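The values are calculated or read from the model by the stated rules, or taken from the named source; none is laboratory data. Being a predicted model, the structure only gives us computed values, none of them experimental. Here the Cβ positions follow ideal geometry from the backbone for every residue, glycine too, while neighbour counts run over all protein chains shown. These accessible areas exclude ligands, DNA and RNA; they are computed on the full protein's heavy atoms, side chains included. Shrake-Rupley method; radii C 1.70, N 1.55, O 1.52, S 1.80 Å.
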Amino acid sequence: MRFKIVLWVLGFLMERASKKNPRFQKKLEGMDLTLEVSSEDGTAFHYIVKDQRVLSYPGRASAPTFLSRVHEPTMAIKFKNSKTGFKTFTSKDKQFAMMSGIQNKNISIEGNPLYLGWFQGLANLI
């Protein structure tokens, strides 16, 4: 449940920053992609970046809970479980936590891994 709240807050903050923060908007220039963050135990959110805006939706991009159309994510971050996802997103050094999780096979990346650094840069701006 805590991981789901973190993903919802992340989506809310990114949506707000895409409307009000010029530095955040600059980072979104030319991007048209879908990012999915999920855990193997079922928690999932996806974020659609299009036209310098971010929209967030609950559920997987390929099977959204509501409002969003079905599509495949450009990049997906999958955690072993919700606890690992929560610890990663709330740790003091998020980049180190993400990289060590990938090394330990607790986190897997599907799609273009270059978007991971871009996504972390976005998260640092909010």
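Please return the longest range in the chain lying between exposed loop sites, taking GluC sites (Glu not before Pro), DSSP loop only, at most 15 other beta-carbon atoms within 10 Å, and leaving the sites out. Working shown, then result.
Details: sites that count: E29, E40.
Result for the longest clean stretch: 41-126.
Can you give the convex hull volume per residue for the Cα atoms of the chain, as a whole number of Å³? Could you put the intermediate results ahead of the total?
Numbers: hull volume 12.2 nm³, N = 126.
It is 97 Å³ per residue.
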Net charge of Cβ neighbours under 11 Å - reference I126; Lys, Arg +1; Asp, Glu -1: +3
Rg(Cα) / (2.2 N^0.38 Å) computed for the stretch 15-56, rounded to two decimals: 1.29
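Tell me the net charge near S39. Cut-off is 10 Å between Cβ atoms, S39 excluded, with +1 for each Lys or Arg and -1 for each Asp or Glu. Numbers along the way, then the final one.
Values: positive: K4, K78, K80, K83; negative: E40, D41.
It works out to a net charge of +2.
Scan the stretch 1-99 for chymotrypsin sites (Phe, Trp or Tyr not before Pro) in coil per DSSP, keeping those whose Cβ has at most 16 other Cβ atoms within 10 Å, and list them by number. Please report the intermediate quantities before stating the final value.
Details: sites: F3, W8, F12, F24, F45, Y47, F66, F79, F86, F89, F96; in loops: F66.
In loop regions of the stretch 1-99 (DSSP not H, G, I, E or B), the sparsely surrounded chymotrypsin sites (Phe, Trp or Tyr not before Pro) are F66.
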For the chain, built as a Gaussian network whose Cα springs stay under 10 Å, the top-fluctuating residue of Q103, Q52, Q95: Q103
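Run the helix sum for the chain: -39,500 (n - 2.57) per DSSP H stretch of 4+ residues, divided by residue count, reported at 222 nm to the nearest 500 deg cm²/dmol.
Values: 5 runs with 57 residues, N = 126.
Here the helix-only value at 222 nm equals -14000 deg cm²/dmol.
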Mean-position separation - Cα centroids, the stretch 1-62 and the stretch 85-122, in angstrom: 15
Size of charge dipole - the stretch 1-97 - debye, nearest 20, with Cβ of Lys, Arg +1 and Asp, Glu -1, no other charges: 420
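Wrap a convex hull around the Cα atoms of the stretch 75-116, take a quarter of its surface area, and give that in square nanometres.
Working: hull surface 10.7 nm².
With the hull built on Cα positions only, its mean projection is 2.7 nm².
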Residue among P113, V49, Q95 farthest towards the positive dipole end of the chain, charges placed on Cβ: Q95
1.4 Å probe accessible area per residue over the chain, in Å²: 58
Radius 9 Å from Cβ of G101, net charge of other residues (Lys, Arg +1; Asp, Glu -1): +3
